[in-house]
Amino acid sequence: MNNKLLSLLGLMRRAGKLSLGFDAAADSAASGESCLILTTADISPKTLKELNYKINNKTDVIALNCNQDDMQHAIGKAVKIISINDKGFAQKARL
């Protein structure tokens, strides 16, 4: 994961545009608030399957090339699933 995306994730967190963790991300996707869901590379296949089932393909899911420790360093919380709840930030994260 590059430093630009890490910095962007920190900015999104401070702006209040992230839902952190499995339940929060799934709820954001179910309510239509989520624009993009990011997962870490060390997420279990079972958790990923449950996430896809729960969000019912309402939101794109992208696996990042980082682990939970990298995510914790970027946003200040150890999570493996993040929902981006802003279209502009989601577009920037896709690049």
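The values are calculated or read from the model by the stated rules, or taken from the named source; none is laboratory data. These figures come from a predicted structure and were not determined experimentally. Glycine also receives a Cβ, built like all others from the backbone with ideal geometry; neighbour counts cover every protein chain displayed. In case anyone asks, the SASA skips ligands and DNA or RNA and just uses the protein heavy atoms, side chains included. Shrake-Rupley method; radii C 1.70, N 1.55, O 1.52, S 1.80 Å.
If you go through the stretch 63-83 one residue at a time, how many are open to solvent by less than 10 Å² (accessible area, probe 1.4 Å) and out of contact with any Leu (no Cβ under 6 Å at 6 or more places or on another chain)?
Here the count works out to 4.
Between residues in the stretch 81-92 that are at positive phi and residues that are assigned to a helix (DSSP H, G or I), which pairs lie under 6 Å by C-beta distance while being six or more apart or on different chains?
Matching pairs, first to second residue: none at all.
Here's the yes/no breakdown for (1) more than 12 Å from the chain's Cα centre (by Cα); (2) among the polar types (S, T, N, Q):
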site: 4; (1), (2): yes, no
site: 11; (1), (2): yes, no
site: 22; (1), (2): no, no
site: 31; (1), (2): yes, yes
site: 54; (1), (2): yes, no
site: 60; (1), (2): no, no
site: 64; (1), (2): no, no
site: 84; (1), (2): no, no
site: 90; (1), (2): no, no
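Suppose we keep only residues that are part of a helix (DSSP H, G or I) and surrounded by fewer than 17 Cβ atoms within 10 Å (Cβ to Cβ) within the stretch 7-21. Which one would you say is modelled with the lowest pLDDT?
Among residues in the stretch 7-21 that are part of a helix (DSSP H, G or I) and surrounded by fewer than 17 Cβ atoms within 10 Å (Cβ to Cβ), the one modelled with the lowest pLDDT is 7.
Collect the residues in the stretch 44-60 that are modelled with pLDDT of 90 or more and surrounded by fewer than 19 Cβ atoms within 10 Å (Cβ to Cβ), keeping them in residue-number order.
Across the stretch 44-60, the qualifying residues are 44, 45, 46, 47, 48, 49, 50, 52, 53, 54, 60.
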